[in-house]
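A short worksheet on the structure shown next.
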Amino acid sequence: MSLSHQATCVAIEGRAVLIEGAPGSGKTSLALALIDRGAALVGDDGVRLDLRKGRLYASPPPYTAGLIEVRNLGLLPWPTVSDVPVALILRLDPDAPRFVEAAEQVGLGGAVLPLVRLWPNGIVLALKAELALERFGLT
């Protein structure tokens, strides 16, 4: 089973992180900051998800594979990786809770994934994303 999902996605040490949020919330900016820290792009503003044995795997969608839209610069060619197991959903949310004891659990495409809401602003957002993956992401 394969489905398209509107999110930006990066791979960090072999685990995919789906970055969700409203238009203009900073999904691509967070992805670029994570790429600068060693992540790899899977897909920008869209990702293909495949369910295998209860686990989702992320790949670039065919219509935008190899592209990233950088605000003020336009569409740029960018290397991507494919077939990465999804470990976490990060939702950029201006109403994100201050403290999180446990990740929310969300059903997506036949799998259950941890979800963490992050306040979309701040210079340490990429570090928070990595810490959320370390603390709450599937292995």
**Q.** the stretch 78-118, residues that are in a strand (DSSP E or B) and either polar (S, T, N, Q) or in contact with a Cys (Cβ under 6 Å, 6 or more places away or on another chain) (or both)
**A.** Thr80, Gln105
Q) Leu75 fails exactly one of the following numbered conditions: (1) free of Cβ contacts under 8 Å to residues at least 40 places away in the same chain; (2) farther than 17 Å from Gly43 by Cα. What is the number of that condition? A) (2)
Q) Checking Gly54 against (1) surrounded by 17 or more Cβ atoms within 10 Å (Cβ to Cβ); (2) in contact (Cβ under 8 Å) with a residue 40 or more places away in the chain; (3) not hydrophobic (A, V, I, L, M, F, W, C), which single condition isn't satisfied? A) (1)
Q) Mind checking whether some residue in the stretch 10-24 is touching a strand residue (DSSP E or B) at 6+ places or on another chain (Cβ under 9 Å), in a loop (DSSP other than H, G, I, E, B), surrounded by 14 or more Cβ atoms within 10 Å (Cβ to Cβ) and at negative phi? A) no
Q. What residue, among those in the stretch 86-111 that are under 20 Å from Arg48 (Cβ atoms) and under 15 Å from the mean Cα position of the chain (by Cα), is surrounded by the fewest Cβ atoms within 10 Å (Cβ to Cβ)?
A. Val106
Q) Are there any pairs with C-beta distances below 8 angstrom linking a residue in the stretch 26-37 that is surrounded by fewer than 21 Cβ atoms within 10 Å (Cβ to Cβ) to a residue that is of a type in the set (Ser, Thr, Tyr), with the two at least 6 apart or on different chains, and if so which? A) Thr28/Thr8
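Computed from the coordinates by the stated procedures, all read-outs in this text should not be read as laboratory data. Note that this is a predicted model, so its numbers are computed, not measured. Here the Cβ is made from the backbone with ideal geometry for all residues, glycine too, and neighbour counts use every protein chain on show.
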